[in-house]
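For reference, the structure is listed below as structure tokens.
The values are calculated or read from the model by the stated rules, or taken from the named source; none is laboratory data. Just so you know, these numbers come straight off a predicted model, no measurement behind them. Cβ: placed from backbone, ideal geometry, glycine included. Neighbour counts: every protein chain shown. Accessible surface is based on the protein model in full, side chains and every heavy atom, while ligands, DNA and RNA are left aside. Shrake-Rupley method; radii C 1.70, N 1.55, O 1.52, S 1.80 Å.
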Amino acid sequence: MAKSTAEFIPLNVAVMTVSDSRDAAEDTSGDYLREALAEAGHQVLDHALVKDNRYRIRAVVSSWIASADVQVVIVNGGTGFNSKNSTPEALLPLFDREIDGFGELFRMVSWEDVGSATIQSRAVAGMANQTVIFAVPGSTRACQSAWESIIRDQLDARTRPCNFVSHLKKP
């Protein structure tokens, strides 16, 4: 992805891990995302570890969307095809606009790692109240793939021809 000479703009981000089995000590995916965001120069304002319940997920993400400070939300977990996975169902009603290409691109990127199993990924993204929201699978490798191949550049104002920075609320 091409970079312009524009200035980097640090963004305010909230990170959620959706899991019925992990606790804070085992949240390697959430840890990875928070470290990658900080390393890139962004500010992690909040993080949460939430059970896979669409209403709890929706409540926490809604509070972040409503916040004047949170510009980006990254959710990991709960995107699989298992009947207990409810992250897409929690988030889709919140979106003002869905970012259709994100799920498609994530599945293309993950093909290299998981082959045809990628069709069971229900990764989604959208915009709500000038907040960009990405939802990716909960494995640390999937979070790395999503961050390194897609999200990092889309949160960088220097990425050309386009990125999401100009679409986000100004805290």
For this session: With a length cut of 20 Å (Cα positions projected on each helix's long axis) and a Kyte-Doolittle mean of at least -0.5, go through the chain and give me the DSSP H helices that pass.
Result: 100-114
Problem set entry | Cα-Cα pairs of segment 14-129 separated by more than 20 Å (percent) | 44 percent
Problem set entry | Integer Hz, Karplus 6.51/-1.76/1.60 couplings in order for segment 162-167, x for Gly and Pro | 7, 7, 8, 4, 5, 8
For this session: Can you tell me which of 20-28, 124-132 comes out highest on packing, and rank the rest after it, using the mean Cβ neighbours within 10 Å?
Result: 124-132, 20-28
Seminar exercise, completed: Surrounding charge for Pro161, neighbours by C-beta under 15 angstrom, Lys/Arg +1, Asp/Glu -1, total +1
Exercise. Fully extended, how many nm does the chain gain between Arg56 and Ala117 (0.36 nm per residue separation, minus their Cα-Cα distance)?
Worked result: 19.2 nm
Exercise. Of all accessible surface on segment 1-131 at a 1.4 Å probe, what whole percent is carbon and sulfur?
Worked result: 50 percent
Problem set entry | Label point distance in nm, Phe95-Ser83, each placed 7 Å from Cα along Cα→Cβ | 2.5 nm
Seminar exercise, completed: The set of residues whose placed amide H lies less than 5 Å from the amide H of Ser19, leaving out same-chain residues fewer than 5 positions away, is Val50, Lys51, Asp52
Exercise. Using alpha-carbon pairs under 8 Å, 6+ residues apart, how would you state the relative contact order of segment 1-131 in percent?
Worked result: 26 percent
Problem set entry | Residues whose placed amide H lies under 5 Å from that of His47, excluding near-sequence neighbours | Val15
Exercise. For the chain, what number of Lys pairs, 8 or more residues apart or on separate chains, have alpha-carbon atoms under 30 Å from each other?
Worked result: 4
For this session: Please list, in chain and number order, the residues 5+ apart from Val73 or on another chain whose amide H is under 5 Å from its amide H, with Hs placed from the backbone.
Result: Ala14, Val132, Ile133, Phe134
Seminar exercise, completed: Rounded to whole Å², per residue accessible area for segment 65-110 with a 1.4 Å probe reads 47 Å²
